[in-house]
Amino acid sequence: MNKKAIRVTAFLICLCLLTGGCDNAAAQNREDTSDGAYFDLSELDSKDREDAALKGTQYLAHFGGYVGARVDANLKNWLYDAYESNPLMLDSVRQNGETDIAGQVDFWFGMFTPCLLRGAAGCYEMERDPVLYEKMERIVADALACLDEYGSLEYDAEGEEFPLINPSWLNGAIEWYMSSSSPAALELSIRLGDYYIEQAETRGINDTMPIGGIAQLYLETGEARFYQLLEKYILAWGWTGGDYKNAAENGVEYCETLRNNWENVFEVAALGPIGEALGDSGYEDALQYMVESIILTDRRSTGANTTAEGAAGSPYEAGSAETCGNVSWAYLLAEAAGRAKRSDLIDELELTFWNAVLGAQDMAGRWWTYDTPQEGYRVASIQELNWQAVQGAPEFSCCMSNAALGIGTLSDWALTRDDTGIYVNYFGESEMVAATPAGNLIRLTQRTGYPADGTVRLTLEPEEAEAFSLNIRVPIWSENTQISVNGKRLEKPMAGGYYKITKTWESGDTVELSLDMSPHYWAAEKTHLGQISVYRGPILLALDSRFEPEWDGRAQALDLESFSPELTVSEEGYPSPAVLLKARNAAGETVTLCDFATAGQSGTRYTTWFDNSQLDPPRLARGACCWNQRFDSGKGE
C-alpha cells in the first residue's frame, strides 16, 4: 500500500467513525432532563447496564461548579483539537525518508500522541462524550495506518530495520480500549503487544518496556503469549532497577530505588495489574508500600510528588514540581486507593487534584505549566519548554501531552463500588450514575458549595429499593463532622475513614454531610524553616498579588491565636477563585487569601508560605498526615 492509499484509508475509517461513531446510548448528546437531572436512566441500554455492573467506579459522571468548568475546558479547549492542531504528531512517521526533520524530532517525541490518548481515556469515562470518541478514534486509525506502512510509530532518522516504538503507545492504546471498548484500539493494542514480543526475541529487552500495558493486555485478552512476555519483563526489572516488589519486601524506599523519576511512577502503578495477572498478592502489597513511601519522603505541600522531575527523599528540597510528575502521582494514588478502598489515599488524592493538578491547568484549558511552584509565577509550559515545540506540533511538550490524565483520573476515584456497596469519595457539585451491588442503576446527585463551604447534600435515586452499604469518606482534616440521613442525625463519625450507612435505600433518600472547614497547617523544615502552609479542607491557601496589589512579595506573618479566615466574594471578575477568604495577619492587617489552583492565573506573583514559629515541623512517619497540624492555644500544637 502506498502513502496516498494509507491517507485515503485513514480518512475513510475516520469518516465511518464520524457517521457511525460509538453506539453507546450513554454517549449521545444530552441536555438536562425534565426533572432537572443530567442523565436519564431510562435512556441507558442493556450494554450500558452490563458495563456499569462490571466497573469498579461510577459509570457516568457530570461535574458542576469550579471543577466542572475545569473538566469542560480540558475537553473542549484542549482534547478536542489537540491532535488535529498539531499534525506532525503522527505525520512525522509518514515523513520517514522524505523530509529531514531529524533536527526537531527526538525519540521522546513519540510519547506525545499516546499520552494524549491515555489522558482522554479517563475523560471519556465521565460522560462518554461522542465528539471525544471520534477525535481519539482518528488517532487510533492513523496509528494503524502507520503500522501498516512502516511497522512503526516513530520518526526514523537512522533508517533502522527495527525502529523502536515508545512504550507509551501500548499504555495509551489499551487504556483507550478499556474506556471506550473500541475494536480498533484493541487491534492496535494487540499489534503493539506482538511488536514487543518480536522486539524481545530479536533485540532483547531494554529499560523502556511497557510492563503495565502488557499486564493490562493480558488481562483483557487472556492470550498466553502476553503472559509469557510479562514474565520476561519482570525478570528484566531486576537488572534495570525497577524491581519494586523486591524493594518493598526489603524495606527500601521509593527514593532509594534506581528508577525513581516521574516516568517510573507509572511502573509502580503497574504493580496492581501485574499482581492481578500473576495472581500474586505480593505485588499489591508492594503497590501500597511504595505509595506510602512517596507520601513519606516526597509528597510536597501542594500535593506534588517530584522535585526536579524525580524523587528527592525530602518534601522540602528546592526544585521544579513538574506537571508530568503530578499527573503520574495522581494516577498512582487512584490505582492504589481503588484497589484497597483506602480513604487516607483519597485524602491525598484530593489534595493533589485540587492543588497540584488544577494548579497546573490554565483555567480556560488551553495550556498547562511545566513547573507549578509553591511561590512565584505560574508559567505556561509552551514558554518554559519552548525548545520542545516544533513546526507542525507547536503546542506539545511532555507536560501538555500528559496533563489531561490529571483530569481524567477523576473518573477513577470520584465514586468506587464493590459487591457490598458504594463509596463516595468526591465532594462537589455533581451527578453520577453507578451500578448497585444487585446490578441496578442508581443516580447520586450532590448539591454543595464545596470546597468554599463544607455542607454537602447527597440525593440517592436507585431504580429499585435495595439494601446496601453507602460509605461516606470522612477526611482526616474534618475533625468535627456531622452526618444525617433523611434529616435524622447519626452518630458522630471519626475523622479519617469511611462512615458506613447500611439500609434499604429508596429513591429520594438524602444524606447531609457537614464537614469541618477550620484551618490546618504544615510547618516546614530546611529552607522554609519558620514558615507554614495553610489549608482549608483540601485547599492550600495562597496570597496572590491580584487580590493584594500592595503586597511587597515578602512572606506575611500569621498569629494562629487570632487567625480566623472568613469567606468573601471576589470582585475582580475572571478568573474567579474556588475559595476566597479574608483574614488578619500577625500585624492585625486584613489580607486576602485564595485557593492555590487560582493563584497566579493572571500572571501575578503569589506565595503559599507564611512566617510562623508557633508550630514545630511534624515528624514525617507512615500513616501520619503531616498537613493536618492543628494549633491549640497555649500549647502550640
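Things to note:
- For peptides 313-322, 439-448, sequence by mean Cβ density within 10 Å, most packed first: 439-448, 313-322
- Surface share of carbon and sulfur [accessible, 1.4 angstrom probe, percent] for the chain: 46
- Packing here is the average count of other Cβ atoms within 10 Å per residue, and on that basis the peptides 404-414, 202-212, highest first, run 404-414, 202-212.
- Over the stretch 459-615, relative contact order from alpha-carbon pairs under 8 Å, at least 6 apart, %: 21
- Mean Cβ count within 10 Å, highest first, over the residues of peptides 188-199, 548-559, 245-256: 188-199, 245-256, 548-559
- Residue-normalised accessible area of the chain, given per residue in Å² at a 1.4 Å probe: 37
The values are calculated or read from the model by the stated rules, or taken from the named source; none is laboratory data. Since the model is a prediction, treat every value here as computed from it, not as a measurement. No Cβ is skipped: glycine too gets one built from the backbone with ideal geometry, and neighbour counts run over all protein chains shown. With ligands, DNA and RNA removed, areas are computed over all heavy atoms of the protein, side chains included. Shrake-Rupley method; radii C 1.70, N 1.55, O 1.52, S 1.80 Å.
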